[in-house]
Amino acid sequence: MLEYKKDGWKAAISLAPAMILLAVFTFWPILNAFRMAFMNDYSMSSGKWDGIGIRNFIYIFKDPTFWTALKNTCIMVFISVPITIILGLFIAVGLNSIKKLQSTFQTIFFLPYVTNTIALGLVFGAMFHQYDGFINQLFNKNISWIGAGASYTNAMIVLMIYTVWNGLAFKIIVFLSGLQSIDKQYYQAAQIDATPRGRVFRRITVPLLSPMILYITITSLIGAFKAYSSVISIFGTGKYGPGSDPKLLITIVGYVYEKLWASGVPLGEAAAGSLILFAIILAITLVQLQVGKKRVHY
Amino acid sequence: MEENKNIQSTESAQKGIEVTLKNLTKEFTDKTGKITVAVNDFSVTIPAGKLIGLLGPSGCGKSTTLYMIAGLHKPTGGSIFFDDEDVTLLPPEKRGIGLVFQNYALYPHMTVKQNILFPLENLKIPRAEALARAQEMAELVHIGELMERKPSQLSGGQQQRVAIARALVKYPRVLLLDEPLSNLDARLRLQTREEIKRIQRETGITTVFVTHDQEEAMSISDAIVVMNEGIEQQMDHPQKVYDEPVNLFVAKFLGNPPINVIDGKIQDKKLVLSDGTLIDDNIDFANQEVSIGIRPEFFEINEKGKIEATVELVEHIGRDNMIISRIKNYDKSFRAIVPSGLGIVPGAKIKFSYSKIFVFNKETGRRLI
């Protein structure tokens, strides 16, 4: 122990570069955002504000676009995340149970992970194009998915499929590595006792995988709440919906981003928006950890 | 009707069934196409209601044999019978066996009770009866008061008992144990092996266990099967195998400290050591090179003894002394156990006679005398 204490300055020097960078680019902005959110009518150019208060929050809560963003984000989170996790789990279990071509399929399912999100969005844009898109051609339909006049449901379906596809790869890999670390003897023991497949999955695989499932659930929910790039990669830079309704699928992060660039609008509102998002994520993560304590078997 | 059936299954479990392995063979083919024969033409009959130890060095095919009886490994040749029923092609779940894995494979997220109940869930046994049976098994293995604990809260010995209870709760026809004592410490091992013997006696179930520890196999088995390189060497009552090994491998494998092996030959009906010392002059075998085996406890220090040796080391092992000494012109030293208090010191020249020797053909290892 004493030796470590003597070398304390060495540790400090080693940590310093990272700590300085974190302080400048992470800690200070977080504190600053917190401060700005409660400064009424703050203007960065003049550096003036009109006292401390919650005026920014009141603006936001009165803004219908914020509620649209919140609704869109929540729909995406609570539909796409469960679908991705369940689908990922089944694909991983399937992959784990085949012997031939396992690595081939593993590569195929991992491809979206190494593919650029924007490129993936362009592909989706092309696939769901109204006139020469692959999907409409396949089913011989003429549906406007993401183009002019696209309905909310249609656009949301495309965004959902994109989000699920984009997030699937990482989840499959995590679940697969989790599955491969489960001792085969549990399955042999279950086999000797004539346990049907469904029960093996429910009573053995899922509980033994529960730490991975909790980890994936928490990180996916956080990721989904921060959705932004998925929307613009489908609809194009600065657009959150088809040309006819560019705010149709705006998300909370999109809302905050828009606030930053809108002329004349105080920066404080963007800070307040991000703070609200932070509070939502924090609350949901705490609930999950609480549930995890009871349901997860380490 | 329902009750009747259960009573019957209990009774048949108590009688136990006979397990017959006929020409059982298992070959593993690796990626390069190289074939390894793990079990080679293995035939034994395991009598009903007995406790049998499969014994051999690691890699001898004993665990593979156990897993073939369980049905988890498919034999590449030969067949397995439970009484008269050919189970060779039956999957493990249809064989009615209970298997205790080397590391127990208790489901870590379930309590002891849930672990023991698990096999019964699949049999659709009414809850009340399942609970009663689980409790009965828990009492049998003396873990009745641990039912609500998780496996991680149990000691190795207790986990072992839970695993046995889980294997027995569905009244299997055969109980299989893979290296049941290898994960326990020395004291617990002694205690647990007596427990296994007791549980087997009380249930009367035909039990096969695998071990590389000869002492463990000899102490509790009704019979042991010694295996080497996938081939059965000898099957008999443990003491019989120890006293009358069929070949050099079995003689060397059983006994601690191990048997002493000295080179010699048979010439003109005389058994002589390589240096010419005459051991016996009335041997009815043809001339051949032999290995002479003498167990440490068969030596006697005797002025008229024919084996002359120089003492190198004396170890005090309690009641007896172990003498490590060397016969002149031989590289290897040998061990003899003699009563303590004879005042033997290193460097002393002594003469040994012996109460019993084994003579093996040097090439085949087959026992001659």
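The values are calculated or read from the model by the stated rules, or taken from the named source; none is laboratory data. Remember, predicted model here, so these are calculated numbers, not experimental data. Here Cβ is always computed from backbone atoms with ideal geometry, including for glycine, and neighbour counts include all displayed protein chains.
Go through the residues of region B:277-293 one by one and say whether even a single one is free of Cβ contacts under 8 Å to residues at least 24 places away in the same chain, surrounded by 21 or more Cβ atoms within 10 Å (Cβ to Cβ) and either in contact with a helix residue (DSSP H, G or I) (Cβ under 7 Å, 6 or more places away or on another chain) or not in a helix (DSSP H, G or I) (or both).
Within region B:277-293 (the criterion being free of Cβ contacts under 8 Å to residues at least 24 places away in the same chain, surrounded by 21 or more Cβ atoms within 10 Å (Cβ to Cβ) and either in contact with a helix residue (DSSP H, G or I) (Cβ under 7 Å, 6 or more places away or on another chain) or not in a helix (DSSP H, G or I) (or both)), the answer is no, since none of the residues qualifies.
Quick check on B:Ile327: is it out of contact with any helix residue (DSSP H, G or I) (no Cβ under 9 Å at 6 or more places or on another chain) and modelled with pLDDT under 85?
When the stated conditions are applied, B:Ile327 passes them.
Can you tell me which residue among B:Leu154, B:Leu131, B:Leu168, B:Leu146 is farther than 30 Å from B:Ile259 by Cβ, within 14 Å of another protein chain (Cβ to nearest Cβ) and either touching a residue at least 60 places away in the same chain (Cβ under 8 Å) or out of contact with any Gly (no Cβ under 9 Å at 6 or more places or on another chain) (or both)?
Result of the check over B:Leu154, B:Leu131, B:Leu168, B:Leu146: B:Leu168.
Picking from A:Lys171, A:Lys141, which residue would you name as being more than 14 Å from chain B (Cβ to nearest Cβ) and assigned to a helix (DSSP H, G or I)?
Among A:Lys171, A:Lys141, only A:Lys171 is more than 14 Å from chain B (Cβ to nearest Cβ) and assigned to a helix (DSSP H, G or I).
Would you pick out the residues in region B:72-101 that are more than 30 Å from B:Glu215 (Cβ to Cβ) and within 14 Å of chain A (Cβ to nearest Cβ)?
Of everything in region B:72-101, those that are more than 30 Å from B:Glu215 (Cβ to Cβ) and within 14 Å of chain A (Cβ to nearest Cβ) turn out to be B:Lys74, B:Val87, B:Leu90, B:Pro91, B:Pro92, B:Glu93, B:Lys94, B:Arg95, B:Gly96.
Return the total of residues in region A:117-148 being free of Cβ contacts under 8 Å to residues at least 12 places away in the same chain and either aromatic (Phe, Trp, Tyr) or surrounded by 11 or more Cβ atoms within 10 Å (Cβ to Cβ) (or both).
Qualifying residue count, region A:117-148: 10.
Is there any pair with a first residue in region B:102-113 that is more than 7 Å from chain A (Cβ to nearest Cβ) and on the phi > 0 side of the Ramachandran plot and a second that is small (Gly, Ala, Ser) and surrounded by 20 or more Cβ atoms within 10 Å (Cβ to Cβ) whose Cβ atoms are under 8 Å apart and which are 6 or more apart or on different chains, and what are they?
If the second residue must be small (Gly, Ala, Ser) and surrounded by 20 or more Cβ atoms within 10 Å (Cβ to Cβ), the pairs left are B:Tyr104/B:Ala163.
Only one of B:Gly343, B:Gly305 is outside any strand (DSSP E or B) and exposed (fewer than 13 other Cβ atoms within 10 Å of the Cβ); which? So that I can check it myself, show each step before the final result.
Values: B:Gly305 fails: exposed (fewer than 13 other Cβ atoms within 10 Å of the Cβ).
Step by step, each of B:Gly343, B:Gly305 is checked, and only B:Gly343 is outside any strand (DSSP E or B) and exposed (fewer than 13 other Cβ atoms within 10 Å of the Cβ).
Give just the number: which of (1) assigned by TED's automatic domain parsing to the domain that holds A:Trp261; (2) at positive phi does A:Gly47 not satisfy?
(1)
Against the condition surrounded by 22 or more Cβ atoms within 10 Å (Cβ to Cβ), more than 9 Å from chain A (Cβ to nearest Cβ), in a helix (DSSP H, G or I) and of a type outside the set (A, V, I, L, M, F, W, C), how does B:Arg161 come out, does it pass?
Numbers: surrounded by 22 or more Cβ atoms within 10 Å (Cβ to Cβ): yes; more than 9 Å from chain A (Cβ to nearest Cβ): yes; in a helix (DSSP H, G or I): yes; of a type outside the set (A, V, I, L, M, F, W, C): yes.
For B:Arg161, the condition - surrounded by 22 or more Cβ atoms within 10 Å (Cβ to Cβ), more than 9 Å from chain A (Cβ to nearest Cβ), in a helix (DSSP H, G or I) and of a type outside the set (A, V, I, L, M, F, W, C) - is met.
For region A:183-219, give me each residue that is more than 30 Å from A:Thr115 (Cα to Cα), more than 10 Å from chain B (Cβ to nearest Cβ) and loosely packed, with under 15 Cβ neighbours inside 10 Å.
Selection gives A:Arg197, A:Gly198, A:Arg202.
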